[in-house]
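The values are calculated or read from the model by the stated rules, or taken from the named source; none is laboratory data. If you're wondering where the values come from, they're calculated on a predicted model, not measured in any experiment. Here the Cβ positions follow ideal geometry from the backbone for every residue, glycine too, while neighbour counts run over all protein chains shown. With ligands, DNA and RNA removed, areas are computed over all heavy atoms of the protein, side chains included. Shrake-Rupley method; radii C 1.70, N 1.55, O 1.52, S 1.80 Å.
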Amino acid sequence: MSNTIADEIVHHVKERQPLTIWSVLGNEYFLYCVSFISFLLIWHFIAAAGLLGLATPEATIKEMIRLMSVKLAGKNLFGHIWASSRRILIGFAIGAATGLPLGLFMALNRYVNAIVKPVFDLFKPMPPIAWISISILWFGIGEPSKVFIIVIGSFVPCVLNAYAGIRIIDPELYDVIRVLGGNRRQEIFYVSFPAALPALFAGIQISMSVAWTCVLAAELVSSRSGLGWIIIRGMKLTKPELVLGGMAVIAIVAWIFSAATSGIEKLLCPWKRGIKEL
Amino acid sequence: MTPKIVCENISKFFIQKGKQRVHVLEDISLEVMNNEFLVILGPGQSGKSTLLRIIAGLETPTQGRVLKDGKEITGPGQDRGLVFQSYMLFFWRTVMGNVEIGLKLRGVEKKERRKIAQHYINLVGLEGFEKHFPHQLSGGMKQRVGIARAYANNPEIMLLDEPFGQLDAQTRMFMEKETERIWQTEKKTVIFVTNNIDEAIYLGDRIVTLKGKLPGRMDAIYDVPLPRPREHTDLEFVELRQMITDKSELVL
Amino acid sequence: MGASPDRRVKIQVKNLTKRFGDLLVLNNISFDVADGEFISIVGPTGCGKTTFLNTLTKLIPATEGSILIDGKEADPKTHNLAFVFQEPTCLPWRTVRDNVAFGMEVKGFPKDKLEERLEYILKLVGLSDCANLYPNQISASMVQRVAVARAFAVEPDLLLMDEPYGQLDVKLRYYLEDELIRLWETLKATVIFVTHNIEEAVYVAERILVLSNKPTTIKAEVHVDLPRPRSLVDPKFIEIRKKVTELIRWW
Amino acid sequence: MPYEEVKVKQPIIFKILAILSLLTFFGVWEFIVDAGIVPSTMLAAPSKVAILFVKKLTQANPDGATLGAHAWMSAKEAVTAYVLAIIVGVPLGLFMGWFKVVRGLARPIFEMIRPIPPIAWIPLCIFWFGIGIWGKVYIIWIAGIVPFTINSWVGVNMTDPALIQMARTYGATDWQIFTKICIPSALPMIFGALQISLAYCWTNLVGAELLAADKGLGFLIEMGRRLAMPEMVVLGMVCVGIGGALIGIVVDVLERRLLAGIRR
């Protein structure tokens, strides 16, 4: 007995279309290429015409390749990437390590919730970037102040998602454990934690992207290394290829971080592998 | 013979949205014999699932009480196994992981637990699917896992809450046949809730009907004297069904 | 397989074949439907029923063969096809009235005709009282009746129903089946009714087509010439029911 | 009748705990600053913040504008960018969800720009727009548009395929299906983006103002740091928090109204 409807859908996808001009023009991947190439071309012509103060894509790539070997403020490009990444990793680790358990506790225990939630709600609407100035007052302009911002930034989404992850669990799943003779502790270990795992990862993804915003903001305000600093440096030296290159590198590294998180999620949640996502 | 389960004048009120009191069940009294297959038949919204959850110990009745072997039921326990309408499988566990969960909760050691679980996986006909995750199974297969999970915990009483409500007519008939086969293989007291009259007559030793619309009230009790295995197209089957249908009310 | 010779043929399905790659799903299906006929289609679970319906309504193209309505190739844009699905397909943001009107809107009925027919259909199906309610305010059976009303409203050349009453309880199903027969008799539509429930098929249809397992063909054709209203305990009824059951039994 | 209205009391202990928790929080804060455990150059006591708040309502010094002027500036930027994000993001997402060609052309660019934190645009914005309002509006817009586009897109994608099939069998055109089926069923998802987008906007607003502004709440915070006035930093943070919460409430009410409108 197989799921026949699913079978049919799979076969439908496999169905071969005859190759015509229209099917190529309408193909999504073909359009992706068109889009990508025209994006680069338009960028090139705007820059070459001297409009908007942009550097051409070629100049940007050349500059980035140059930076791989030439040191800027004592670090080559990889050094700066690592400087930003290290801040994120440390700050994020602390934020998640405190935020996730706190969110779980709040969702599982009404007393913890009643005590923590009012104070947490005070801080929730305050954007993490607003903490930059006070962070510098507290920790100076060194590493700790930047890490602190990232801790704050990743803490809030972690708490919120851990909390929501537990709250959206179908209460009947707990009934399964109760009917089988399990106790409250077993309900938590066998249902709450595994069922909330996908939501935890969603929180981690959001935290990651917030962390990137935070690290950039912190580096833009005050630092001597990192990708944010490269951008600011480019602005101060009026070298647009440095600004654009910095932005491109940030996009790539941030994308790698998010892809890595998805990879870990797939590894830890094998049951999600077969479920289609956008 | 003393009854296995006795419901004494059960009434149930729910509080909805923190301010609405809903009367779900009124004055339900019934007895279930040992190894009997009892079907509770009622239309949607007649409180039949609530009655089953009260017997399972997941809800407490507002009035009245439920006795098992003469002792009052105060909470859920391993002696009663429940099969849910919406399967309620642990989507993060494989078929094996789902079936063995009850034994795991009781600390049965791994080898023993696997052996028992495997036995029930085979019994429901899912051999070869042990490593599949629930989302890879069809509806009928999911509910087989649900049944195996309840059986593996070796309860005295099986409670099934509209287990085949989401299946198509033919798969449903097939699953009814399977249910009968499993019940014949390992006899247990079964309370089976459904809104499908064919299913009720096909499976039940006795049928208790509830009246539609809340609060649910007892309507009638029918004996089903037909020999097993039964056929949906037998004249006696159809006539009994006609009789029960004629006596029930239409809820549009 | 032909319809009765004294009736005009409305739909002709000729050598309908569907392949997905190397997999043959529909194997050379041919049948005719007379104007105003009520046909049931039954088949074992997993018999490619979904593909069959989707091909019939042109949701997916057939590999070979053709479907002719009044001698012309069927096309949802020119012909009035209507489909009542198994799952409820009411638009939750429209009232019952606007849901029933949806099909006619898409078909571009002129405004006055639309209004007039809308009132007529609502009254005929007995939905006038809840015409201004939203789908989430009415019961599941009512939602399905709205879908049926919407389908009849467009004066369909062909009305396809895919197990519309599958999950309803028995008493309700009898009621809705009787209502469907009444609508069909009043509005004279050509209906193809697909179901898993053999009793239901025998109860509503003039003719039953039995599908085989994959690759799907028409395995048998059963005429149901019982007078209406039909009785479920009539020995003749039970005999036909048994016959069809044997034809598709797989359990 | 099975339904009747009753009143059920929530256990009062949770309310007491909540109030106690807040009191303790402010008490400890006041105490550690007053007792000198934390130097007053690093943190200001709540009382001092309150005094400055009253003062800043009317005085423009030392940072050049009254509190009201700062808040008005921030609100103006945020709302402009937010509205622009809706106007551009929602149609973009809807079209990307339904029309393959639009998706094919827009998706690569969208995916390339999405991972860049909006803050990273600041140098370009300063070059393009100077430190006036439009540079900040651009950054906030970039931040706010992403949730609207994604949610509209997902909303269209999540349209019940049965509804689309139903419309197809009636012979509806692609455009009819898009307008009559896809857009209404995507609406709840789009409303879901209202809050998310707002949070992004507000975060990036502060970032933009910290770095390139002469007025606004972010600027107030940054001035507090430069002038070594922790009470001004905290005041700015509190105002940003309150502002965010207030707009959040407004959007929440709006969202409920609109959702109730389609759902009844």
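Considering only protein heavy atoms, what per residue accessible area in square angstrom results for chain D with a 1.4 angstrom probe?
That works out to 46 Å² per residue.
Quick one, can you get me the convex hull of the C-alpha atoms of the stretch A:101-222 expressed as volume per residue in Å³?
So the per-residue hull volume is 103 Å³.
Suppose R0 equals 56 Å. What FRET efficiency, 1/(1 + (r/R0)^6) with r the Cβ-Cβ distance, do residue B:106 and residue D:253 give to the nearest 0.05?
About 0.65, to the nearest 0.05.
Need the list of lysines near residue B:19 for cross-linking: C-alpha distance under 28 angstrom, and skip anything on the same chain fewer than eight residues off.
A:117, B:48, B:211, B:213, D:7, D:9, D:15
Which residue fluctuates the most in chain D, going by a Gaussian network model with Cα springs under 10 Å, if the choices are D:81, D:167, D:143?
With Cα springs under 10 Å in chain D, the top fluctuation among D:81, D:167, D:143 is at D:167.
For residue D:79 and residue B:74, what is the calculated FRET efficiency with R₀ set at 60 Å and r taken between the beta-carbons, to the nearest 0.05? Please report the intermediate quantities before stating the final value.
On the way: r = 58 Å, r/R0 = 0.97.
Working from the Cβ atoms, E equals 0.55.
Mean 1/r over all different Cα pairs, inverted: what Kirkwood radius does chain C give, in Å? If you can, show how the numbers build up before the last one.
Numbers: mean 1/r = 0.0533 Å⁻¹.
Averaging 1/r across every pair of different Cα atoms and inverting gives 18.8 Å.
Report Rg(Cα)/(2.2 N^0.38 Å) for the stretch B:60-213, keeping two decimals. Each step should come with its number before you reach the end.
Working: Rg = 15.9 Å, N = 154, 2.2 N^0.38 = 14.9 Å.
For the stretch B:60-213, the normalised Cα radius of gyration is 1.07.
Show me, for the stretch B:119-134, the HN-Hα J-couplings you get by feeding each phi into the Karplus relation (A = 6.51, B = -1.76, C = 1.60, θ = phi - 60°), rounded to Hz, glycine and proline as x.
Ordered by residue, 3J(HN,Hα) equals 4, 6, 4, 5, 4, 8, x, 10, 4, x, 10, 4, 8, 6, 8, x Hz.
Please give every one of the lysines within straight-line cross-link reach of residue B:131, meaning a C-alpha to C-alpha distance under 19 Å, and leave out same-chain neighbours fewer than 8 residues apart.
A:266, A:272, B:104, B:110, B:111, B:115, B:142
Counting only DSSP beta bridges with both residues in chain C, tell me the antiparallel percent, nearest 5.
Looking only at bridges with both residues in chain C, the antiparallel portion is about 55 percent.
Report the paramagnetic label zone for residue D:12: residues of the stretch A:110-124 whose backbone N is under 19 Å from a point 7 Å from Cα along the Cα-to-Cβ axis.
From the stretch A:110-124, the list is A:111, A:114-115.
Provide the per residue accessible area, probe 1.4 Å, for chain A, rounded to a whole number of square angstrom.
Details: 13550 Å² over 278 residues.
It amounts to 49 Å² per residue over chain A.
What is the set of long-range amide H partners of residue B:210 at a cut-off below 5 Å, with H atoms built 1.01 Å from backbone N?
Counting only residues 5 or more places away or on other chains, the set is B:41, B:42, B:219.
Between chains A and D, what is the buried accessible area summed over both chains (1.4 Å probe, protein heavy atoms, nearest 100 Å²)? Walk me through the numbers on the way to the answer.
Numbers: alone 17520 and 15860 Å², together 28720 Å².
Buried area between the two chains comes out at roughly 4700 Å².
Relative contact order, percent, of chain C when contacts are C-alpha pairs under 8 Å separated by at least 6 residues?
With pairs under 8 Å counted, the relative contact order is 26 percent.
Around residue B:46, what is the net charge, scoring Lys/Arg as +1 and Asp/Glu as -1 over all other residues with Cβ under 15 Å from its Cβ?
Working: positive: B:12, B:48, B:53, B:211, B:213, B:217, B:247, C:171; negative: B:26, B:27, B:161, B:162, B:219, B:249, C:169.
So the environment of residue B:46 carries a net charge of +1.
Can you list residues whose amide H is under 5 Å from residue B:25's amide H, if they're 5+ apart or on another chain and H is modeled 1.01 Å from N?
When sequence neighbours closer than 5 places are left aside, the close amide H contacts are B:12, B:216.
Order the following by accessible area, largest value first: C:49, D:180, C:18, B:211. Probe radius 1.4 Å; ligands, DNA and RNA are ignored.
I get B:211, D:180, C:49, C:18, largest accessible area first.
Hey, which lysines would be in cross-link range of residue D:215, C-alpha to C-alpha under 21 Å, not counting anything within fewer than 8 residues on its own chain?
D:55, D:56, D:76, D:136
Please list 3J(HN,Hα) in residue order for the stretch A:77-93, calculated via the Karplus relation 6.51 cos²θ - 1.76 cosθ + 1.60 where θ = phi - 60°; whole Hz, with x for glycine and proline.
Here the 3J(HN,Hα) series is 3, 5, x, 5, 4, 5, 4, 5, 4, 4, 4, 4, 4, 5, x, 5, 4 Hz.
With a 1.4 Å probe and all protein chains left in place, how much of the accessible area of the protein assembly as shown comes from carbon and sulfur atoms, in whole percent?
The computed percentage sits at 61.
Find the centroid of the Cα atoms in the stretch D:212-264 and in the stretch A:187-266, then give the distance between the two in whole Å.
First find each Cα centre; the distance between them is then 24 Å.
Can I get the semi-axes of the stretch A:55-272's equivalent ellipsoid? Compute them from the C-alpha gyration tensor as square roots of 5 times the eigenvalues, in angstrom, largest first.
40, 20, 12
log₁₀ I(q)/I(0) of the stretch D:90-191 at q = 0.12, 0.13, 0.14, 0.25 Å⁻¹, via Debye over equal Cα point scatterers, no solvent, to two decimals?
Normalising to I(0) and taking log10 leaves -0.50, -0.56, -0.62, -1.22.
Please report, in whole Å³, the volume per residue of the convex hull around the C-alpha atoms of the protein assembly as shown.
That works out to 209 Å³ per residue.
How much accessible area is lost when chains C and D come together, counting both sides, with a 1.4 Å probe, in Å² rounded to the nearest 100?
By this definition, chains C and D bury close to 2000 Å².
If R0 is 35 Å, what FRET efficiency do you get for residue A:37 and residue A:238 from their C-beta distance, rounded to 0.05?
0.75
Which net charge results when you count Lys and Arg as +1 and Asp and Glu as -1 among the other residues whose beta-carbon is under 11 Å from that of residue B:217?
With Lys, Arg at +1 and Asp, Glu at -1, the net is -1.
Going from most exposed to least, what order do A:84, A:23 have by accessible area with a 1.4 Å probe?
Order by accessible area, largest first: A:23, A:84.
Where in the stretch A:210-227 does accessible area fall by at least 50 Å² between the isolated chain and the complete protein assembly, at a 1.4 Å probe radius?
A:213, A:220, A:221
Separation between the residue D:22 and residue C:236 pseudo-spin-labels, each 7 Å from Cα along Cα→Cβ, expressed in nm?
7.9
Please turn the phi angles of the stretch C:93-103 into ³J(HN,Hα) values with the Karplus equation 6.51 cos²θ - 1.76 cosθ + 1.60 (θ = phi - 60°), one per residue in order, whole Hz, x for glycine and proline.
8, 10, 6, 3, 4, 5, 5, 5, 6, 3, x
For a quick check: with amide H placed at 1.01 Å from N, whose amide H comes under 5 Å from residue B:192's, ignoring anything fewer than 5 positions away on the same chain?
B:38, B:39, B:40, B:160
Would you tell me the accessible area of residue B:240, worked out with a 1.4 angstrom probe on the heavy atoms of the protein chains, in Å² to the nearest 10?
30
Using a probe radius of 1.4 Å on protein heavy atoms only, what is the accessible area buried between chains B and C, both sides summed, to the nearest 100 Å²? Could the numbers behind the result be given before it?
Values: alone 12700 and 12010 Å², together 22270 Å².
About 2400 Å² of accessible surface is lost on pairing.
How many nm is it between the label spots at residue B:132 and residue D:57, if each spot is 7 Å from the Cα in line with the beta carbon?
Simple spin-label model gives 6.9 nm for this pair.
Note down the nm distance, to one decimal, between modelled labels 7 Å out along Cα→Cβ at residue C:14 and at residue B:235.
Here the modelled spin labels are 4.8 nm apart.
Can you bin chain D into rounded, prolate or oblate? Criterion: square roots of the alpha carbon gyration tensor eigenvalues sorted a ≥ b ≥ c, rounded for a/c under 1.5, prolate for a/b above b/c, oblate for the rest.
oblate
Of C:58/C:236; B:188/C:214; C:14/D:100; C:10/C:219, which sit over 27 Å apart, Cα to Cα? Each step should come with its number before you reach the end.
Details: C:58/C:236 37 Å; B:188/C:214 39 Å; C:14/D:100 34 Å; C:10/C:219 22 Å.
Those over the limit are C:58/C:236; B:188/C:214; C:14/D:100.
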